[in-house]
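Presented below is the structure to which this report refers.
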Amino acid sequence: MKTVDLGAVSTGHTPIAAEAVTNELTDAWKSDDIPLRQRALVHRELGALYKGGDVTPFKVLAEALAPLLAARRNPGETSLLEIGCASGYYLEVLRFLLDRPLPYTGVDYSAPMIAMAKAYYPQGNFLVADGANLPFPTGAFDGAISSGVLLHVPNYPAHIRETARVAREFVILHRTPVCRARPTAHLRKKGYGVDMVELLFNENELVQLLGEAGLSVVSGIQFHGDERTDEYGVTYVCKK
């Protein structure tokens, strides 16, 4: 397993025009170079988790899910779809933090990521799929988690509609970067050393798109905030 420089995971954010976003930037996560680099970071975070540490992304998602599960008659039977599952580590994390196995399916548009997920978690259900065109019937899952995906897809309205379509009861938009006093911005950056696109969403626009997809925001867990730069990180819990 490679080591990872935490200071180089996400760097060089530069504003670009929406029309300057190329296929190369949107397809960046399909790179063969990213999975091992990201998994090195995941290994570090899993190690901290099992030693009793608070790993913010893990803790926030578990906190978002816990009340949704508690409100169900059979919480352990709640079927989940994770869109943008990467190497599948939330299958492990959620089982540990929620103290229960859950029927879980993970999809990612990166074939190398899905290959790694299957290698680490052979008991899991993983497949390559585009979040804007999911291969599942309407209402196939009790809940869907959009796992840090929207910020990398300029066609995010289509992703939101598809996420809402396949979820019967709830949707969680995990680790969503937003601003509150300016329009949605497109940025070019390096993620794990690979050039890619990242979006910073105007929160009002995002909430409106969720509403148009039939989703109501019932809570938001803000895990990062900087009023000076007008940049926030929020995990949104939505119900249908």
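So what is the relative contact order of region 122-169, in percent, for Cα pairs below 8 Å that sit 6 or more residues apart? List each step's numbers first, then the result.
Numbers: 45 pairs, mean separation 25.0, N = 48.
Contact order relative to length: 52 percent.
Work out the charge dipole of region 47-194 with +1 on the Cβ of Lys and Arg and -1 on the Cβ of Asp and Glu about the Cα centre, then indicate which of Pro177, Tyr120, Pro135 is farthest towards its positive end.
Value computed over the given set: Pro177.
Quick one: Kirkwood hydrodynamic radius for the chain, alpha-carbon pairs, angstrom, one decimal? Could the numbers behind the result be given before it?
On the way: mean 1/r = 0.0551 Å⁻¹.
Value: 18.2 Å, from the Cα pair sum.
Step through the table entries Lys51/Lys118; Lys189/Lys240; Lys51/Lys239, compare each Cα-Cα distance with 31 Å, and write down the pairs that go over it. The partial results should precede the final answer.
Values: Lys51/Lys118 25 Å; Lys189/Lys240 34 Å; Lys51/Lys239 34 Å.
The answer is Lys189/Lys240; Lys51/Lys239.
Could you pull the accessible area for Thr229 with a 1.4 Å probe, rounded to 10 Å²?
Ignoring ligands and nucleic acids, Thr229 comes out at about 60 Å².
Mind jotting down the distance between the C-alpha centroids of region 129-152 and region 161-240, whole Å?
Distance between centres, Cα-based: 14 Å.
Let me spell out the model: positive unit charges on the Cβ of Lys and Arg, negative unit charges on the Cβ of Asp and Glu, origin at the Cα centre of the chain. What dipole size does that give, in debye rounded to 20?
On the way: 24 positive and 27 negative charges, 108 e Å.
Using only the charged Cβ atoms, the result is roughly 520 debye.
Provide the per-residue ³J(HN,Hα) series for region 15-27, in order, calculated from phi with Karplus coefficients 6.51, -1.76, 1.60 and θ = phi - 60°, each as a whole number of Hz, with x at glycine and proline positions.
x, 9, 6, 4, 6, 8, 6, 9, 4, 4, 6, 6, 8
Quick one: net charge around Ile83, please, counting Lys, Arg +1 and Asp, Glu -1 for every other residue with C-beta under 12 Å from its C-beta.
-3
Which of the helices in the chain, when you take each full DSSP H run, stretch at least 18 Å along the axis at their Cα atoms and have an average Kyte-Doolittle score of 0.5 or higher? Walk me through the numbers on the way to the answer.
Numbers: long enough: 34-50 (24 Å, 0.03); 56-70 (21 Å, 1.21).
Helices meeting the span and hydropathy rule in the chain are 56-70.
Using Cα-Cα distances under 8 Å and only pairs 6 or more residues apart, what relative contact order does the chain have, in percent? Could you put the intermediate results ahead of the total?
Values: 468 pairs, mean separation 52.0, N = 240.
This gives 22 percent for the chain.
List the relative contact order of region 60-176 as a percent without decimals, with contacts defined as Cα pairs under 8 Å and 6+ residues apart.
Value for region 60-176: 25 percent.
Can you find, among Ile145, Asn155, Gly193, the residue farthest towards the positive end of the dipole of region 113-210? Put +1 on the C-beta of Lys and Arg, -1 on that of Asp and Glu.
Farthest towards the positive pole: Gly193.
R0 = 35 Å: FRET efficiency of Tyr50 with Arg168, Cβ-based, nearest 0.05? Don't skip to the end; give the middle numbers.
Details: r = 33 Å, r/R0 = 0.93.
The calculated FRET efficiency here is 0.60.
For region 135-240, treating each Cα as an identical point scatterer without solvent, what Debye log10 I(q)/I(0) comes out at q = 0.10, 0.22 1/Å?
Scattering profile of region 135-240, log10 relative to I(0): -0.28, -1.20.
In whole Å, what three semi-axes, largest first, describe the equivalent ellipsoid of region 51-185 built from its Cα gyration tensor (square root of 5 times each eigenvalue)?
Details: eigenvalues 93, 66, 56 Å².
Over the Cα atoms of region 51-185, the ellipsoid semi-axes are 22, 18, 17 Å.
Which whole number in µm²/s is D for region 118-185 by Stokes-Einstein, with the Kirkwood Rh taken over Cα pairs at 37 °C and 0.692 mPa s? Mind dumping the intermediate values first?
Details: Rh = 13.4 Å.
In µm²/s, the coefficient rounds to 245.
The values are calculated or read from the model by the stated rules, or taken from the named source; none is laboratory data. All values derive from a computational prediction rather than experimental measurement. Reconstructed Cβ throughout: ideal geometry from the backbone, glycine too, with neighbour counts over all protein chains shown. These accessible areas exclude ligands, DNA and RNA; they are computed on the full protein's heavy atoms, side chains included. Shrake-Rupley method; radii C 1.70, N 1.55, O 1.52, S 1.80 Å.
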